[in-house]
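Below is one structure; the comments refer to it alone.
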Amino acid sequence: MNINFENRLIAELEELKKAGTYKRLRHLTSPMDARVDMEEAGDVVVLSSNNYLGLANDPGVVKAGIAGLKRYGAGTASVRFICGTYDIHRELEAKLAAFLGFDAALTYVSCWAANEGLLPTLGTAGNTIISDELNHASIIDGCRLAGARTVRFKHADMLHLESRLREAEGTAFVVTDGVFSMEGDLANLPEIVALAERYGAVTIVDDSHGIGVMGKTGRGIIEHFGLRGKVDVVTGTLGKALGGAAGGFVAASSAVVETLVQRSRTQLFSNALPATVASSALAAVKTLEEHPKLIEKLRANVAYFRAGLAALGFSALPGESAIVPLIVGETAFAIAMSDRLLAEGVFVTGFGFPVVPEGAARIRIQLSAAHKKKHLDKAMAALQKVGKELGLI
Ligand SMILES: Cc1ncc(COP(=O)(O)O)c(C=O)c1O
């Protein structure tokens, strides 16, 4: 062991602890749901999961995963093009494509892998990727791996995007989150699509926080804005509303998907989504299709919680998604606040630098269709107590 190196890491970790910015893993001993059992804090209401539709512990989703495991075993112990792929992958991909209104889809072990596979494959040398500055880290890293020149545009600034489009070389790819994960706001997709059409650009939307949440039937931000058929490529996760286990996908034209099968490195050099996860994700999509009321429940919970926060004197960032951020200031303050809330039986994470800019640390509240009024009321009472204690309200 290299002692100097180890000591350097230990010193850096100590610095994080001293600054109050050290992240601690919490250990759950029950399935993800409106509330969970946590080793460190007991019975807690969860306001920090992307389990937007409450499907992570849905009996049908769990049953489908068990059936998938029994039928297919753990996996093929190799990548798909070398060792074959399961029929359940094909079925899930066809379902995702049809659900979102695309010709085809391709799954990956995560949306991180999907973004990191997609962007370098499409964004080859001589072309330009134009990326919203607040895009998810997986998009940022995907851009870093691309041969194309990447330029950022100021968050949601359409004039800046247009100036970037005017200067672009080769094919321009405009890439944006659908729902921004730290702000909870929506991309201005109508304007982005119009600009892309005007400048002949390709549009790529990562709708990880939009699918299952936005749009009348949960098909995401494209449905929300009535833009079906107008966006070229969508990426998404199966690790949030659609079952919550893991997995990601790209939905696009057949030519894009075939190109990814041939060339994307996170597909060619990495194992498939486990068949058990593919099985439960397929069940999650079918459940969403059959029970659109889940989305109504989620929206009612968001409205109830936002109104409650406002009545308590909190001013959450506005937005239409299921993400409700409370900006509280410094990173250490946000982390200390989430610790206090945990002691009051509410699990909600404080996010700070470098995930968000220093000074804009936040408590990111996420609502779920699984929450009942009693969960939301308990969470609100804790927020009132801790908010008063910390001088926020
Ligand atoms: C916008 C966005 N894209 C991609 C991802 C990564 O998804 P996954 O957990 O499937 O890798 C996330 C997860 O945090 C996300 O918020």
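What follows is calculated from the coordinates using simple rules that are stated; it is not laboratory data. Predicted, not measured: the structure shown is a model, and the values here were computed from it. Note that each Cβ is placed from the backbone with ideal geometry, even for glycine, and that neighbours are counted across all protein chains shown.
Charges at C-beta only: +1 for Lys and Arg, -1 for Asp and Glu. How large is the resulting dipole of the chain about its Cα centre, in Debye rounded to 20?
720
With a 10 Å radius around each residue's Cβ, average the other Cβ atoms per peptide and rank 63-75, 291-303, highest first. Mind dumping the intermediate values first?
On the way: 63-75: 15.7, 291-303: 17.3.
The packing order, highest mean first, is 291-303, 63-75.
What is the sum of charges, Lys and Arg at +1 and Asp and Glu at -1, for the other residues whose Cβ falls under 9 Å from the Cβ of residue 257?
-3
With the dipole of the chain worked out from charges on the C-beta (+1 for Lys and Arg, -1 for Asp and Glu) around the Cα centre, which of 176, 41, 109 lies farthest toward the positive end?
Toward the positive end, the furthest listed residue is 41.
Per 20 Å bin from zero, what fraction in whole % of the C-alpha pairs of the chain is there, up to the bin with the longest pair?
Going from the shortest bin to the longest, the percentages are 27, 57, 16.
Just flag the GluC sites (Glu not before Pro) in region 1-50 sitting in loop per DSSP whose Cβ has no more than 15 other Cβ atoms within 10 Å. Working shown, then result.
Values: sites: 6, 12, 14, 15, 39, 40; in loops: 39, 40.
Passing sites in region 1-50 are 39, 40.
Would you mind working out the magnitude of the charge dipole of region 182-305 relative to its Cα centre, with +1 at each Lys and Arg C-beta and -1 at each Asp and Glu C-beta, to the nearest 20 Debye?
Here region 182-305 has a charge dipole of around 220 debye.
Quick check: residue separation of residue 290 and residue 71 times 0.36 nm, minus the Cα distance between them. What number comes out in nm?
So the extension gain works out to 76.4 nm.
With +1 on each Lys and Arg Cβ and -1 on each Asp and Glu Cβ, and nothing else charged, work out how big the dipole of region 60-290 is about its Cα centre, in Debye to the nearest 20.
That gives region 60-290 a dipole magnitude of about 640 debye.
Residues with beta-carbon under 9 Å from that of residue 138, excluding residue 138: net charge, scoring Lys, Arg +1 and Asp, Glu -1?
-3
Can you work out the Karplus-derived ³J(HN,Hα) for every residue in region 154-165? Use 6.51 cos²θ - 1.76 cosθ + 1.60 with θ = phi - 60°, whole Hz, and x for glycine or proline.
Going residue by residue, I get 4, 3, 6, 9, 6, 5, 5, 4, 4, 5, 5, 5 Hz, with x marking Gly and Pro.
Work out the charge dipole of the chain with +1 on the Cβ of Lys and Arg and -1 on the Cβ of Asp and Glu about the Cα centre, then indicate which of 129, 29, 98 is farthest towards its positive end.
In the chain, that residue is 29.
For every helix of n ≥ 4 consecutive DSSP H residues, a contribution of -39,500 (n - 2.57) applies; sum these over the chain, divide by its total residues, and give [θ] at 222 nm rounded to the nearest 500 deg cm²/dmol.
Mean residue ellipticity, 222 nm, calculated: -13500 deg cm²/dmol.
Where both residues lie in the chain, what percent of DSSP beta bridges are antiparallel, nearest 5?
Given both bridge residues lie in the chain, the antiparallel proportion sits at roughly 55 percent.
What does the charge count near residue 340 come to, summing +1 for each Lys or Arg and -1 for each Asp or Glu among other residues with Cβ under 12 Å from its Cβ? It would help to have the intermediate numbers written out before the result.
Values: positive: 385, 388; negative: 339, 344, 389.
After counting each charged neighbour, the total is -1.
Using the Cα atoms of region 60-290, I'd like the radius of gyration and the largest Cα-Cα distance, Dmax, both in angstrom.
Cα-based Rg and Dmax for region 60-290 come out at 17.0, 54 Å.
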